[in-house]
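Asks: For reference, the structure I am asking about is given below.
The values are calculated or read from the model by the stated rules, or taken from the named source; none is laboratory data. All values derive from a computational prediction rather than experimental measurement. Don't worry about glycine lacking a Cβ; one is built from the backbone with ideal geometry, like all the others, and counts go over all protein chains shown. The accessibility values were calculated without ligands, DNA or RNA, using every heavy atom of the protein model including side chains. Shrake-Rupley method; radii C 1.70, N 1.55, O 1.52, S 1.80 Å.
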Amino acid sequence: MATERTLSILKPDATRRNITGKINDKIESASLRIIAQKRLWLTRSQAETFYSVHSSHSFFNDLCTFMTSGPVVVQVLEGENAIANYRAVMGATNPANANPGTIRKEFAESIEANSVHGSDSAETASNEIKFFFSDLEIVG
Ligand code: CMP
């Protein structure tokens with residue numbers, strides 16, 4: 001297995017409920033290292049650009065409204081097989097389908113307010129990390 005990096009977002013429902021530390025504990029307990037982290041309030045334009053792959057979906061407008069409804073915490077996670085590992089730690093997009101012990105099963109409120117985002121492929125991870133972080137901000 002290769003050491004990989006993936007982009008994580010702790011979403012506005014997580015910052016609102018003050019549970020970012022509990023989520024970071026899940027991340028670190030899964031042998032993922034938080035090698036960059038910052039708190040931001042996304043602009044509408046940033047949210048629309050970040051989620052542009054979903055622009056044709058019916059949920060796009062609501063998704064961008066939700067993602068700009070409060071602060072987020074963006075992170076770079078590093079570890080063995082980090083992209084798939086983090087997706088397993090997050091659980092299914094819809095918390096109703098998420099496995100016990102996953103972040104979304106324990107913390108998510110709905111398919112929209114689902115607490116976390118993680119990159120879905122190596123190419124997406126590279127692009128999403130560059131969207132938020134310069135090389136100087138990532139300390140592996
Ligand atoms: P995320 O991993 O951030 O990627 C896109 C997000 O759209 C997803 O998590 C969900 O929070 C959100 N979303 C809202 N409605 C839906 C839906 N019906 N299907 C998939 N994703 C949805």
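Asks: Using the alpha-carbon centroid of each, what span in Å lies between segment 88-138 and segment 1-43?
Replies: 8
Asks: Quick check on the chain: helices-only [θ] at 222 nm, where DSSP H runs of length 4 and up contribute -39,500 (n - 2.57) each and the sum goes over total residues. Nearest 500, please.
Replies: -10500 deg cm²/dmol
Asks: Rg(Cα) of segment 62-132 divided by 2.2 N^0.38 Å?
Replies: Compactness ratio reported: 1.12.
Asks: Continuing with this model, one more query. Can you tell me the FRET efficiency between PHE60 and ILE34 if r is taken as the Cβ-Cβ distance and R0 is 22 Å, rounded to the nearest 0.05?
Replies: On the way: r = 29 Å, r/R0 = 1.30.
My answer for the efficiency is 0.15.
Asks: While we're looking at this one, here's another question. Can you give me the relative contact order of segment 84-140 as a percent, contacts being Cα pairs under 8 Å and 6 or more apart?
Replies: It rounds to 25 percent for segment 84-140.
Asks: Given the whole protein assembly as supplied and a 1.4 Å probe, what does the accessible area of GLU123 come to in Å², nearest 10?
Replies: Accessible area, nearest 10 Å²: 140 Å².
Asks: Treating only the Cβ atoms of Lys and Arg (+1) and Asp and Glu (-1) as charged, compute the dipole magnitude of the chain about its Cα centre; round to the nearest 20 debye.
Replies: Details: 14 positive and 16 negative charges, 73 e Å.
The calculated dipole for the chain is roughly 340 debye.
Asks: When you take every Cα atom in segment 39-101, what is the radius of gyration, and what is Dmax, the widest Cα pair distance, in Å?
Replies: 13.8, 35
Asks: Volume per residue, Å³, of the convex hull around the alpha-carbon atoms of segment 24-69?
Replies: Enclosed volume per residue, from the Cα hull, is 115 Å³.
Asks: Then there is this: Just to check, using Stokes-Einstein with a Kirkwood Rh over alpha carbon pairs, what's the diffusion coefficient of segment 1-110 at 25 °C and 0.890 mPa s in µm²/s?
Replies: Numbers: Rh = 14.6 Å.
D = 168 µm²/s.
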